[in-house]
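Trainee: Dropping a structure here in structure tokens format, bear with me for questions.
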Amino acid sequence: MSSYEENYLNKRPQELCHMCGKCCRVVTTSIPYDKLLELQNNGDKAACDFLGIFVPFKTIEDAKKADCGTVENIIAQLKADNNYNESQITFYTCKHLQDDNKCSIYEKRPTLCRHCPSTPWAIVPPGCGFEGWLFMKREEDKERVRKAKEELLELQVLKNKVNNPDTLNKIKAVEHKIQRTIDMYKKYGSENW
Ligand code: SF4
Ligand code: SF4
């Protein structure tokens, strides 16, 4: 089992979801719509799954009519991360969401729905039951990165004391591994944690 499943997915307290359906009514993706279509045409499973259930709103205003608060929350968070490009953003809605906010294919819903919210860094709608828990998980990620940075500093000190080339190479390999952990969170701002 991967650490993603062990450390995150399997620990999500599913009971926090109060089945409001907001994350089905209006969503967006970090990948632009035209790129998603291209991936779908090339048989990419994630793109096929996503476009198999989600249909794009024609305009941002149409998405706002479905759930203004969620759209504005997404835009605000993308702007805060310097990641907002109005010409590239598309909002989608799921064709299986019913008027009573229930999923018409709940038992057969795809993996991407079962994994939602798929990371601590997912933008969830205002009032989502996972908000507090995701905040806590993001803080854990930040703590992990701070610890990694401390380890890098300690290794730097150690490197200055070591002359043996084999030992130096081993230290560099460990440094590389630790740096990869930090870089994994770069898009969330790990450089400033
Ligand atoms: S928005 Fe949050 S609480 Fe509402 S259905 Fe989605 S995951 Fe559950
Ligand atoms: S398939 Fe069901 S759970 Fe998945 S987004 Fe649509 S309504 Fe929500």
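The values are calculated or read from the model by the stated rules, or taken from the named source; none is laboratory data. Keep in mind that this is a model prediction, so the values were computed, not measured. Methodologically, a virtual Cβ is constructed for each residue, glycine included, from the backbone with ideal geometry; neighbour enumeration extends over all protein chains shown. Each accessible area value is taken on the protein alone, full model and side chains, heavy atoms only, with ligands, DNA and RNA left out. Shrake-Rupley method; radii C 1.70, N 1.55, O 1.52, S 1.80 Å.
Trainee: Is there a pair in K35/K142; K11/K147; K58/K137; K35/K186 whose C-alpha atoms are over 29 Å apart, and which pairs would that be?
Mentor: Beyond 29 Å: K35/K142; K58/K137.
Trainee: Here's another thing I want to ask about it. Can you tell me the dipole magnitude for the chain around its Cα centre, using point charges on the Cβ only (Lys, Arg +1; Asp, Glu -1), in Debye to the nearest 20?
Mentor: 340
Trainee: Moving to a separate point now. Given 4 °C and 1.567 mPa s, how large is the Stokes-Einstein diffusion coefficient of the range 35-100 in µm²/s, with Rh as the Kirkwood radius over Cα pairs?
Mentor: Calculated translational D: 98 µm²/s.
Trainee: Mind listing which chymotrypsin sites (Phe, Trp or Tyr not before Pro) in the range 78-161 are in a DSSP loop and have 11 or fewer other Cβ atoms within 10 Å?
Mentor: Sites meeting the loop and neighbour criteria: none at all.
Trainee: State, in angstrom, two size descriptors of the range 65-121 derived from its alpha carbons: Rg to one decimal place and Dmax to the nearest whole number.
Mentor: Computed over the Cα atoms of the range 65-121, radius of gyration and Dmax are 13.9, 38 Å.
Trainee: Could you work out the helix-only [θ] at 222 nm for the chain, with each DSSP H run of four or more residues adding -39,500 (n - 2.57) and the total divided by the number of residues, to the nearest 500 deg cm²/dmol?
Mentor: -17000 deg cm²/dmol
Trainee: Further, regarding this structure: Specify the residue with the greatest mean-square fluctuation among N85, N169, N73, computed from a Gaussian network of the chain linking alpha-carbon atoms under 10 Å apart.
Mentor: The residue with the greatest mean-square fluctuation here is N169.
Trainee: Using θ = phi - 60° and the Karplus curve 6.51 cos²θ - 1.76 cosθ + 1.60, what whole-Hz ³J(HN,Hα) does each residue of the range 122-135 get, with Gly and Pro shown as x?
Mentor: With the stated coefficients, the range 122-135 comes to 5, 8, 9, x, x, x, 4, x, 8, 3, x, 5, 5, 4 Hz.
Trainee: With 18 Å as the cut-off, how large is the P(r) tail for the range 139-187, expressed as percent of Cα-Cα pairs?
Mentor: 34
Trainee: Assuming a ≥ b ≥ c are the square roots of the Cα gyration tensor eigenvalues, decide whether the range 12-143 counts as rounded (a/c under 1.5), prolate (otherwise, with a/b larger than b/c) or oblate.
Mentor: Rounded, because the longest to shortest axis ratio a/c is under 1.5.
Trainee: Report the trypsin sites (Lys or Arg not before Pro) located in the range 59-98 that are in a DSSP loop and have at most 13 other Cβ atoms inside 10 Å of their Cβ, or state none.
Mentor: K95
Trainee: Additional query: What order do K22, K187 take when sorted by accessible area (1.4 Å probe), most exposed first?
Mentor: From most exposed to least exposed: K187, K22.
Trainee: Just to verify a number: FRET efficiency for H18 and E191, C-beta to C-beta distance, R0 = 41 Å, to 0.05?
Mentor: Efficiency at R0 = 41 Å is approximately 0.70.
Trainee: Moving to a separate point now. Stretched out fully, how many nm does the piece from D183 to S3 gain, at 0.36 nm a residue minus the Cα gap?
Mentor: That works out to 63.1 nm of additional length.
Trainee: Still on this structure: Using 0.36 nm per residue, how much length does the chain from D62 to T119 gain when fully extended, once their Cα-Cα distance is taken away?
Mentor: 17.8 nm
Trainee: Karplus couplings for the range 24-32 from phi (6.51 cos²θ - 1.76 cosθ + 1.60, θ = phi - 60°), rounded to Hz, Gly and Pro as x?
Mentor: These are the phi-based 3J(HN,Hα) values: 9, 6, 9, 9, 9, 10, 6, 9, x Hz.
Trainee: Every cysteine in the chain with no other Cys Cβ under 4.7 Å from its Cβ, please list them in numeric order.
Mentor: When partners are defined as cysteine Cβ atoms under 4.7 Å apart, the chain leaves C17, C20, C23, C48, C68, C103, C113, C116, C128 without one.
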